[in-house]
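The values are calculated or read from the model by the stated rules, or taken from the named source; none is laboratory data. Small disclaimer: the values here were computed from a predicted structure and weren't measured. Every residue, glycine among them, receives a Cβ derived from its backbone with ideal geometry; neighbour counts consider all protein chains shown. Each accessible area value is taken on the protein alone, full model and side chains, heavy atoms only, with ligands, DNA and RNA left out. Shrake-Rupley method; radii C 1.70, N 1.55, O 1.52, S 1.80 Å.
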Amino acid sequence: MGAAALEPKPMRQKINRWPARLDVAQSLSGLLLVLFIWGHMFFESSILLGKDAMLWVTRMFEGAHLLGRPYPVLVSVAAALVLALVALHALLALRKFPANYRQYHRLNRHVSAMRHLDTTAWYIQVITGFALFFLASAHLLVVLLQPENIGPYASSDRVWSGRFWLLYGPLLLIVHLHAGIGIYRLCLKWGPFPAQRLGLWRGRIKLAAYCIVAFYLCLGTASLVTYMRIGAQHAPYAGERYAPEAVE
Amino acid sequence: MDNIPVRQHRTLTINILRHNPADGDSQPRLQAFEVDETDAMTLFIALNVIREEQDPTLTFDFVCRAGICGSCGMIINGRPGLACRTLTRDLPDEFTLLPLPGFELIADLSVNTGKWMRGMAERLETWVHASDLAGVDLDQMEQPMDPHLAEQIYELERCIECGCCIAACGTAQMRDDFVGAVGLNQVTRFRLDPRDQRDDSDFYQLVGDDSGVFGCMTLLGCEDMCPKDLPLATQIAFLRRRMVAV
Amino acid sequence: MSPIVTDVLVIGGGLAGQRAAIGARRRGLDVTVLSLVPAKRSHSAAAQGGMQASLGNCLGGAGDNEDLHFADTVRGSDWGADQDVVRMFAHMAPKAIRELAAWGVPWSRVQKGEHQITEDGQKKTIREADAAHGLITSRNFGGTAKWRACYVSDGTGHAMLYTMSNQAIAAGIPVHERMEAIALIHDGERCCGAVARNLMTGELQTYLARATCVASGGFGRIYRVSTNAVINEGLGAALALETGLARLGNMEAVQFHPTGIFPSGILVTEGCRGDGGLLLDGSGHRFMPDYEPEKRELASRDVVSRRMEEHIAAGHGASSRFGEHLWLDIRLLGRDHINSKLREVSEICHYFLGIDPAEELIPVRPAQHYSMGGIRTDRTGQCPSLSGLFAVGEAACWDMHGFNRLGGNSVAETVVAGMIVGETIADYCESDQGELTLSTALAADFQAREAARLRSIATNPGAEKAVELTRQMQQIMTDKVGIFRSAERLEEAVAGLLALQSRASRIGLSSARKGPNPELVAAYRLPRMLKLALCVACGALQRTESRGAHYRADYPQRNDQQWLQRTLTSWPEQDQEQPTIDYEPLDIMSMELPPGWRGYGARDFIAHPDSEARQAQIDALLAQAGPLDARQRQALLMPFEHFLPGIYRGRNQRLGDTDG
């Protein structure tokens, strides 16, 4: 039966694995970036524990504890890597964005008519992703080009006197929305949840994502405010580097 | 019956998209109809009342009117659903009905899901592939199958090809060549079936690209809008993992 | 548009049509299927509970065989069936189910070990054998000696139709969707295709074919309260009737299903009762054992429906603001069972009634369900009076159901008949008869005739509305040609239908728009549906006895002496108002199972003297022949295997067969 089914199969074509690889690469690059940003938040928030703590973390990334003296170029290297990852992720994700006005129009109509959280969330990701490509790149470029300008006072001066809070404020919100939604989607995209428990897991993951985003927003806001406060106090001496009291 | 709460009878205002592509002068527009709500009224009843009493040209599709055949998918107040089993008492006083997007419009609320689904079936070869189907010895006992496996296959076989998942899918709305949850689910159904002799690399040929499983962005509209509550998200995630492992 | 030429034209894309199409395609013929809707939306999908086939795998089915299936079906038909056809069917059903099993239907399977079941209101534990594990299981249905209804949860028809459609797609069979056949093309002797109307564009298209097969299903929608899909308007049968050559068999035999949801008429499966569900009256009393101590809720559908209406008439119904009804109780089956084996029922209750059937009672009342009647064919599916015309499935009356069909026998029939008729069609096309001299002139004549007819409908200035007249027809049929019939009501019905017929000539349209035009569709279908309704009502009026689903309150007995006859209805002249009715006697002396009591229902009937004579003859034959096995015994009494296509004559293997 089935004339088509009966015909001898054509010689098996060599399968093209690239679509699979690209899909994995998109998810994986996203995952790495999320892990990076979550870690980054803790390091950056070391300012909440004091200027010394922040300086210690800075020095650590400059390799001072291992190599004997700080090498800010290491930070540049890290920033370059992250920037490359961002570019890769953006490039891969761009494939899924509406490619023309017709698609954009249809998507827009779809999102507004459906009133469906997960669909709307993806739309938010598209917008935040688009914004991130510029905001995060800007931030990373600064770090890449001026790796030595990181430190309790240097950073605070950049935030306050350099008006970088205008960048970091929106960036904080956008990056965590994007990361939180992304990690939720990643779990559901690949997670082996049995059908009967999918709803349960989906709820749990969603709740966890909400909590994580809220936590990082609080943490990020607190440290940004701290940098701004220090920056404001230090404004008259902007440019001066912090000297730890205990050492010098 | 008597436990269906009786409400004060309402006059419903139903805004329906009217368009007849066969008529060159026709422009898509919303037309409002007023209908007196009755007890246990479904959209099947309401639309027929409109056609019988107000506008005999109103075009829509119903077949089984029992939620089994999948003919009457439409956008009910923004979301896809089966009209035949949507009770008006669950809707506000005024609501809107649109044809399912993503399918060729026949007229008004009628869309050509059949053509789309046939194309999908031909493309994904949604039938049991076995070399000896013509030569099955019908006198012999059937091959045994694990009872739970049979149930699992039926679980995926419950799809009625109504098109709601396509209308609910952001990807499918953007990209016309995306096979959607309906297609991906059917691939997992045949993949699960031991009678089908295809292997994963055969299935990869069918869905291993951005018009197939890698096009899905996990927006979960399909999962949430499927009238038959099929485990679409689980199946698509599963298929994605299998296809990556090919 | 120029005619489309094909070897085989199948009108209808349900299970029967598609199986016949696949059969003909396998034999190398070009096949084209016309369907009102996408094929997978056909009404076959609505069959829920099961497909009868005597596999005998599970405990409840143990010992089942073709003989029992045959006897149950003949008794169910109230001896109205053609016993040769029933034999062919019972023999083929296991093959049909095994073919579908190989093609991909996920039949529910036997799980070895202990199970709890519900029978006669009691919980019981049974143990399924290890040897049966994984084979196709079955459930209990009405009017059967064994658990014989093989099922896929309660989406049996859906699973079967999808598998069938997918195999038809695999075979490359084109389905022309939303194409409605509106006339059969013939030259008075030979059917050679059809004129079809595209429901999307309104354009006409002729199809020329060597063989034309009607598989358009039943005509439930001539009734107001029906479980049928809205497309089941009997149009294929009406086209055959309008040729003036083909005849319709047993049109008055209309089945009412006991458990249509009240008041919408949506079906809940007989599997509910088969699995142990009960019928309760307004006071919560289980009443069926009072009427039918032998089979209780599981007597045949005609009997249960009649008892239910009788009980309501006696004042025991439950009342709601929609009217009187009874209750179906499946609470005792438990939530697990309902959620796994009765899922569609659960969904239907949830969406249409807003109730949970595991906790609450389901309001039910009998609703029109099935048309035993249809285009009369011989036992191979061929129309005897119009060469080249075939019919299969519910649209046909090859007569395996007689006056009442058993639950689960119709989906089985669709596939079995499709298998047989597909071969018949291929044989026909390969024979000299199958040659067709294409007459494009004839095709053009028919197309012009139909176009003119549609134009005259579209331009009729009349004030009547098709939907209103249709509603009145449906009301008449439900009120007066329902479960309980009488001369008085039937005469009223015929008069009412005739009045509608004359009003139907004055139907005017409000718009002549291009493209889909539902108003025009209703207008040209109504006269055809009225013809079918008249066939049913006139046939019922003339048949002064009660047999199967046809119950005359004024003639409550089955009368074999006078009425062991098949009704043949025809419409030889276009302008005649009422159908011509003839009868074709059934020959008791060639029956394997002469008429008797069914084992349920009324015990008194007027016997035919031949019944006794035939029984004596059978006894003598058997005594003379000495010891025989079942197969030899059967072959002695009523040989039938030679009617089957050669490829389907093999013996069905079963679990526990000693000789393989």
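Against the definition (open to solvent by less than 10 Å² (accessible area, probe 1.4 Å), assigned to a loop (DSSP other than H, G, I, E, B) and in contact with an Asp or Glu (Cβ under 7 Å, 6 or more places away or on another chain)), how does C:Ala81 come out, yes or no? If you could, list the steps in order and put the result at the bottom.
Details: open to solvent by less than 10 Å² (accessible area, probe 1.4 Å): yes; assigned to a loop (DSSP other than H, G, I, E, B): yes; in contact with an Asp or Glu (Cβ under 7 Å, 6 or more places away or on another chain): yes.
Yes, satisfied.
Out of segment C:198-231, which residues are on the phi > 0 side of the Ramachandran plot and over 15 Å from the mean Cα position of the chain (by Cα)?
C:Gly202, the sole residue that qualifies.
Restricting the search to segment A:111-120, which residues are out of contact with any Lys or Arg (no Cβ under 7 Å at 6 or more places or on another chain), more than 18 Å from A:Leu177 (Cβ to Cβ) and either more than 8 Å from every other protein chain (Cβ to nearest Cβ) or assigned to a helix (DSSP H, G or I) (or both)?
Applying the first criterion (out of contact with any Lys or Arg (no Cβ under 7 Å at 6 or more places or on another chain)) to segment A:111-120 yields A:111-113, A:115-120.
Keeping just the survivors that are more than 18 Å from A:Leu177 (Cβ to Cβ) gives A:112-113, A:115.
Answer for segment A:111-120, where residues must be out of contact with any Lys or Arg (no Cβ under 7 Å at 6 or more places or on another chain), more than 18 Å from A:Leu177 (Cβ to Cβ) and either more than 8 Å from every other protein chain (Cβ to nearest Cβ) or assigned to a helix (DSSP H, G or I) (or both): A:Ser112, A:Ala113.
When you scan segment C:370-377, do you find a residue that is closer than 23 Å to C:Leu184 by Cα, of a type in the set (Ser, Thr, Tyr) and in a loop (DSSP other than H, G, I, E, B), even just one?
Yes - at least one qualifying residue is present in segment C:370-377.
Does C:Asp629 satisfy being open to solvent by 20 Å² or more (accessible area, probe 1.4 Å), out of contact with any Asp or Glu (no Cβ under 7 Å at 6 or more places or on another chain), over 30 Å from C:Thr243 (Cβ atoms) and in the same structural domain as C:Leu500 (by the TED database)?
Judged against the criteria, C:Asp629 is not a match.
Applying the selection to segment B:22-37, what residues are more than 9 Å from chain C (Cβ to nearest Cβ) and not hydrophobic (A, V, I, L, M, F, W, C)?
Within segment B:22-37, B:Asp25, B:Gln27, B:Pro28, B:Arg29, B:Gln31, B:Glu34, B:Asp36, B:Glu37 qualify.
Going by the conditions given, is C:Val304 open to solvent by less than 40 Å² (accessible area, probe 1.4 Å) and not in a helix (DSSP H, G or I)?
no
Checking the conditions here, which among C:Glu344, C:Glu309 is within 25 Å of the chain's Cα centre (by Cα), at pLDDT below 95, more than 30 Å from C:Cys429 (Cβ to Cβ) and not in a loop (DSSP other than H, G, I, E, B)?
C:Glu344
Would you point out which residue out of C:Gly315, C:Gly388, C:Gly334, C:Gly354 is over 29 Å from C:Arg139 (Cα atoms) and open to solvent by 20 Å² or more (accessible area, probe 1.4 Å)?
Step by step, each of C:Gly315, C:Gly388, C:Gly334, C:Gly354 is checked, and only C:Gly315 is over 29 Å from C:Arg139 (Cα atoms) and open to solvent by 20 Å² or more (accessible area, probe 1.4 Å).
So which pairs qualify, if the first residue must be in segment A:157-174 and at positive phi, the second must be in a loop (DSSP other than H, G, I, E, B), the Cβ gap must be under 7 Å, and the two must be at least 6 apart or on different chains?
none
Could you check how many residues of segment C:177-203 are assigned to a loop (DSSP other than H, G, I, E, B) and either aliphatic (A, V, I, L, M) or in contact with a Pro (Cβ under 6 Å, 6 or more places away or on another chain) (or both)?
Initial filter on segment C:177-203 (assigned to a loop (DSSP other than H, G, I, E, B)): C:178, C:187-189, C:199-203.
Then drop every residue that is not either aliphatic (A, V, I, L, M) or in contact with a Pro (Cβ under 6 Å, 6 or more places away or on another chain) (or both), which leaves C:199-200.
Counting residues in segment C:177-203 that are assigned to a loop (DSSP other than H, G, I, E, B) and either aliphatic (A, V, I, L, M) or in contact with a Pro (Cβ under 6 Å, 6 or more places away or on another chain) (or both) gives 2.
Looking at segment B:136-175, which of the residues that are polar (S, T, N, Q) and either outside any helix (DSSP H, G or I) or over 23 Å from the mean Cα position of the chain (by Cα) (or both) is nearest to the other protein chains (Cβ to nearest Cβ)?
Among those that are polar (S, T, N, Q) and either outside any helix (DSSP H, G or I) or over 23 Å from the mean Cα position of the chain (by Cα) (or both), it is B:Gln140.
Does A:Leu166 satisfy being surrounded by fewer than 19 Cβ atoms within 10 Å (Cβ to Cβ) and either more than 15 Å from the chain's Cα centre (by Cα) or of a type in the set (Val, Ile, Thr) (or both)? Before the answer, list the steps.
Details: surrounded by fewer than 19 Cβ atoms within 10 Å (Cβ to Cβ): yes; either more than 15 Å from the chain's Cα centre (by Cα) or of a type in the set (Val, Ile, Thr) (or both): yes.
Here the answer is yes, as A:Leu166 does meet what is asked.
Of all residues in segment C:125-135, how many are open to solvent by 90 Å² or more (accessible area, probe 1.4 Å), out of contact with any helix residue (DSSP H, G or I) (no Cβ under 8 Å at 6 or more places or on another chain) and within 28 Å of C:Arg296 (Cβ to Cβ)?
Summing the residues that are open to solvent by 90 Å² or more (accessible area, probe 1.4 Å), out of contact with any helix residue (DSSP H, G or I) (no Cβ under 8 Å at 6 or more places or on another chain) and within 28 Å of C:Arg296 (Cβ to Cβ) in segment C:125-135 gives 0.
Hey, any hits in segment A:131-143 for a residue that's away from chain B (no Cβ under 14 Å), surrounded by 14 or more Cβ atoms within 10 Å (Cβ to Cβ) and polar (S, T, N, Q)?
Looking through segment A:131-143, at least one residue is away from chain B (no Cβ under 14 Å), surrounded by 14 or more Cβ atoms within 10 Å (Cβ to Cβ) and polar (S, T, N, Q).
Out of B:Thr86, B:Thr96, I need the residue that is among the β-branched types (Val, Ile, Thr), modelled with pLDDT of 95 or more, under 28 Å from B:Asp229 (Cβ atoms) and surrounded by fewer than 19 Cβ atoms within 10 Å (Cβ to Cβ). Which one?
Working: B:Thr86 fails: surrounded by fewer than 19 Cβ atoms within 10 Å (Cβ to Cβ).
Criteria check complete, one pass: B:Thr96.
Specify which of the listed residues (C:Gly172, C:Gly234) is of a type outside the set (A, V, I, L, M) and either crowded, with 24+ Cβ neighbours inside 10 Å or at pLDDT below 95 (or both).
Details: C:Gly172 fails: either crowded, with 24+ Cβ neighbours inside 10 Å or at pLDDT below 95 (or both).
Residue meeting the stated conditions: C:Gly234.
When residues of segment B:208-224 are filtered for being surrounded by fewer than 23 Cβ atoms within 10 Å (Cβ to Cβ) and more than 7 Å from every other protein chain (Cβ to nearest Cβ), how many remain?
The total comes to 1.
Restricting attention to segment A:96-110, which residues are surrounded by 12 or more Cβ atoms within 10 Å (Cβ to Cβ) and either more than 7 Å from chain B (Cβ to nearest Cβ) or over 25 Å from the mean Cα position of the chain (by Cα) (or both)?
Listed by number, the residues that qualify are A:Phe97, A:Ala99, A:Gln103, A:Tyr104, A:His105, A:Arg106, A:Asn108, A:Arg109, A:His110.
Just checking, which of B:Arg240, B:Arg191, B:Arg195 is over 19 Å from the mean Cα position of the chain (by Cα) and surrounded by 23 or more Cβ atoms within 10 Å (Cβ to Cβ)?
B:Arg240
C:Glu423 - would you say it is at pLDDT 95 or above, under 30 Å from C:Arg19 (Cα atoms), assigned to a helix (DSSP H, G or I) and open to solvent by less than 20 Å² (accessible area, probe 1.4 Å)? Step through it out loud before you land on a result.
Working: at pLDDT 95 or above: yes; under 30 Å from C:Arg19 (Cα atoms): yes; assigned to a helix (DSSP H, G or I): yes; open to solvent by less than 20 Å² (accessible area, probe 1.4 Å): yes.
Yes: the conditions hold for C:Glu423.
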